[in-house]
Amino acid sequence: SPSGNWLYDVFLSFRGEDVRKGFLSHMIKKFKSKGINIYIYIYIDDEMNRGQSLSTMLVHGIRKSRIAIVVLSEN
């Protein structure tokens, strides 16, 4: 957001069980301990509401965050 009206400090996006159950929990805990407000986008097909656009959710999170971090894993 060019105006600096951010809702989140960090947009965090990932996909995968290996990330969710290990690395990500440590990362989130550290961010929260430092007072960093995170928008976490977790891609889980069965948790998406019907009719809710994936791109709408992502664009909202990205536009309202100061920075974006994408977590990639081997799997």
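I'd like to compare 55-62, 5-12: which one has the highest average count of other Cβ atoms within 10 Å, and what's the full order after that?
Peptide ranking by packing, descending: 5-12, 55-62.
Applying the Karplus parametrisation 6.51 cos²θ - 1.76 cosθ + 1.60 with θ = phi - 60° to the phi angles of the range 21-34, what ³J(HN,Hα) value in whole Hz is obtained for each residue in order, glycine and proline being reported as x?
So the J values, rounded to whole Hz, are 8, x, 4, 4, 4, 5, 5, 5, 4, 5, 4, 4, 5, 9.
We did not get these values from a lab; they are worked out from the coordinates using the rules stated. Fair warning: this is a prediction, and the values are worked out from it, not measured in the lab. Quick reminder, even Gly has a Cβ in these numbers, built from the backbone with ideal geometry, and neighbours come from all protein chains shown.
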